[in-house]
Amino acid sequence: MPAISILLDIQSEVKDLFDYAGDLTKQLLTLSAGIITISVTFAKDIAKNNPRKIRRYISLCWIFNFLSIFFGILSLMALTGAIDDAITIGAKVTMHSNMRVFTGLQIITFLLGLVNIIIYGNMGIMHHQSSAKTEKPK
């Protein structure tokens, strides 16, 4: 049976499920890359006056977002593998456990990165405000 006809036989619900899973993965990949890009671009300006205790949160943000990108790529590869199985061996297209695991890890690491950048921003603002209060006006 030609590959095209197998793809056309995929139930619309399953196709939608794969579309939504792929879209979620791509959106999180884009957001993670954007957070890394913007924070690295301005890191010199925003991190220079913050103590090391505060700067570790931006480092954790970068690590978690890189992990989110890594798991997102693995998730897309797992989605592709499931569709390939359906085409080559005629297996039913289902969400395999590896897709769920990689997608879950991508979401968790993205959220951890987001929490760390929020903590970094709040602590940086508080540090800036407290250091501005302790400076004596000239």
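The values are calculated or read from the model by the stated rules, or taken from the named source; none is laboratory data. Just so we're clear, the structure is a prediction, and the values are computed from it rather than from any experiment. Cβ sites come from the backbone with ideal geometry, for glycine too, and all protein chains shown count toward neighbours.
Residues satisfying the criterion are absent from the stretch 43-66 (criterion: of a type in the set (A, V, I, L, M, F, W, C) and not in a helix (DSSP H, G or I)). When the stretch 50-75 is filtered for residues that are surrounded by fewer than 17 Cβ atoms within 10 Å (Cβ to Cβ), among the hydrophobic types (A, V, I, L, M, F, W, C) and over 30 Å from M99 (Cβ atoms), nothing remains.
L79 - would you say it is modelled with pLDDT of 90 or more, in contact with a Phe, Trp or Tyr (Cβ under 8 Å, 6 or more places away or on another chain) and closer than 25 Å to G34 by Cβ? Walk me through how you get there before you give the answer.
Numbers: modelled with pLDDT of 90 or more: no; in contact with a Phe, Trp or Tyr (Cβ under 8 Å, 6 or more places away or on another chain): yes; closer than 25 Å to G34 by Cβ: yes.
Considered against the rule, which asks whether it is modelled with pLDDT of 90 or more, in contact with a Phe, Trp or Tyr (Cβ under 8 Å, 6 or more places away or on another chain) and closer than 25 Å to G34 by Cβ, L79 comes out as no.
Only one of the numbered conditions (1) at pLDDT 95 or above; (2) surrounded by 14 or more Cβ atoms within 10 Å (Cβ to Cβ) is not met by L111, and that is (2).
So if I check each of D23, D16, which one is assigned to a helix (DSSP H, G or I), at pLDDT below 80 and not β-branched (V, I, T)? One residue alone meets the criteria, D16.
A single member of I73, I63 is in contact with a Leu (Cβ under 8 Å, 6 or more places away or on another chain) and either modelled with pLDDT of 90 or more or under 22 Å from F18 (Cα atoms) (or both), and it is I73.
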